[in-house]
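J.: The structure under discussion is supplied below as structure tokens; questions concerning it will follow.
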Amino acid sequence: MTTRKIVFSGIQPTGDFHIGNYIGAVKRWVAEQDLYDNIFCIVDLHAITLYQDPNVLRGKIRQAAAVLLACGIDPQKSLLFVQSHVPAHAELAWILNCVTPIGWLERMTQYKDKSAKLESVSTGLLDYPVLMAADILLYQADCVPVGEDQKQHIELTRDVAQRFNTLYGETFVLPEGTIPKVGARIMGFDDPTVKMSKSIASDQKHHAVGLLDSPDQVWAVLKRATTDSGKEIVFSNEPGKAGVNNLLTVYQVLTGQTQTEIEKHFQGKLYGQLKREVADVIIETLKPIQERYNALMQDPNALDGILQRAAEQAATRAAPTLRKAKLNVGFVV
Ligand code: ATP
Ligand code: LTN
């Protein structure tokens, strides 16, 4: 019998999920569900590393679960649960803290970017990658499908696992990050020099398309998308073509066409037409997701039931690894 590889990934219930989250992560989680043993986590412990309004956060956690189910995560095939429902994550994170040099965390680019914008930086923000390592290592995951921005965190996870294994004996599987070839870093529609992100989207109206946005909202963002003063609609790594390249990348992932087919299709067309067609493929992609989302939100009890059952299963799966880690560091278990 061949055992399927274990896949683990997570998403923060902060802000509204955008098309970059979908393309870089969620779309693949759904597409590869039949191939792997899948575990997906709504990482609320990570979310509070930056202040969240408690009532807004509660709503966003349920919304995140409903959006992920609506995108096609099937509870019969995948575990979808909320991180804080499984205390083993915080417990293992503590143990891993004790083998992680602070210098490793201070070097993380996400930490440097986020902390530079704050007056007061929480210990949790610095420790964020250790909690992420705990998430992944608890389930002995082989693969972690994420966008490009998480690459450094996955490398740190491997380093922490390796250090623990060296100090205390073989305990954890070293996971591989799986980053998509196309769409690993969707850029902001308003500014194609920065990664599309939920935090920027909450302040800047034309930065991102949210998965729950109406067709009018999608078009309002796309029609203002930053392009350039030229008129060539081609894939290009030239910094000046970043806006057009980003629009074409979204189009490529959502239609499944090749770059050659797409460039041929847009040959001789104007940027306005490119924006309209990208908006249309996004609207078509979002339509069924939004229909399923609305149906799921009709019955919050059913949603909570799915999360509750998944949390019990996740806790059962996490227990042997946590026990082994405790035993190996010398606790009485
Ligand atoms: P925040 O702004 O709150 O940090 P975020 O938009 O970066 O949020 P996360 O919850 O950190 O989103 O990421 C969820 C998943 O989506 C991760 O796998 C991440 O790599 C991926 N992802 C996030 N932004 C993008 C993007 N612009 N392009 C491709 N993938 C992305
Ligand atoms: N840091 C990730 C979210 C995250 C995650 C994880 C991703 C937390 N734990 C474990 C993969 C595996 C992010 O912000 N995208």
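The values are calculated or read from the model by the stated rules, or taken from the named source; none is laboratory data. If you're wondering where the values come from, they're calculated on a predicted model, not measured in any experiment. Here Cβ is always computed from backbone atoms with ideal geometry, including for glycine, and neighbour counts include all displayed protein chains. Ligands, DNA and RNA are stripped out before the accessible areas are found, and what is left, the full protein with its side chains, is counted by its heavy atoms. Shrake-Rupley method; radii C 1.70, N 1.55, O 1.52, S 1.80 Å.
J.: If you plug each phi of the range 101-106 into the Karplus form 6.51 cos²θ - 1.76 cosθ + 1.60 with θ = phi - 60°, what whole-Hz ³J(HN,Hα) values come out, in order, with x for Gly and Pro?
T.: x, 4, x, 4, 6, 5
J.: Tell me, which longest segment in the chain has none of the trypsin sites (Lys or Arg not before Pro) that fall in DSSP loops with at most 10 further Cβ atoms within 10 Å?
T.: Between the exposed loop sites, the longest stretch runs 182-333.
J.: What residue among L212, L35, L174 has the largest mean-square fluctuation in a Gaussian network model of the chain, using Cα springs under 10 Å?
T.: Taking springs between Cα atoms under 10 Å, the residue moving most is L35.
J.: Now, a different point. Would you calculate a helix-derived [θ] at 222 nm for the chain, using -39,500 (n - 2.57) for each DSSP H run of n ≥ 4 and dividing by the full residue count, to the nearest 500?
T.: Using -39500 (n - 2.57) per qualifying helix, the result is -17000 deg cm²/dmol.
J.: Once Lys and Arg get +1 and Asp and Glu get -1 on their Cβ, which of Q273, L156, Q217 lies farthest toward the positive end of the dipole of the chain?
T.: L156
J.: Another question, if that's okay. Give a quick list of chymotrypsin sites (Phe, Trp or Tyr not before Pro) in the range 207-275 that DSSP marks as loop, anything other than H, G, I, E or B, with at most 16 other Cβ atoms within 10 Å.
T.: Here the sparse-neighbourhood loop sites are F235.
J.: What does DSSP give for the chain in terms of the percent of beta bridges that are antiparallel, rounded to the nearest 5?
T.: Antiparallel: roughly 10 percent of the beta bridges in the chain.
J.: Which is farthest toward the positive dipole end of the chain among A25, V7, F331, measuring Cα position about the Cα centre, with Cβ charges +1 (Lys, Arg) and -1 (Asp, Glu)?
T.: F331
J.: Report, to the nearest whole %, how much of the accessible area of the range 188-230 belongs to carbon and sulfur atoms, 1.4 Å probe, protein only.
T.: Heavy-atom surface of the range 188-230 belonging to carbon and sulfur, 1.4 Å probe: 49 percent.
J.: Considering only T258, Y111, P192, whose Cα is most displaced toward the positive end of the charge dipole of the chain, charges sitting on Cβ of Lys, Arg (+1) and Asp, Glu (-1)?
T.: T258
J.: On to the next question. Cross-link candidates for K112: which aspartates and glutamates have Cα within less than 17 Å, leaving aside residues fewer than 8 places away along the same chain?
T.: Partners within reach: D127, E148, D149, E155.
J.: Turning to a different aspect of this structure: In the range 182-333, what is the count of Lys pairs whose alpha carbons are under 18 Å apart, counting only pairs at least 8 residues apart or on separate chains?
T.: 16
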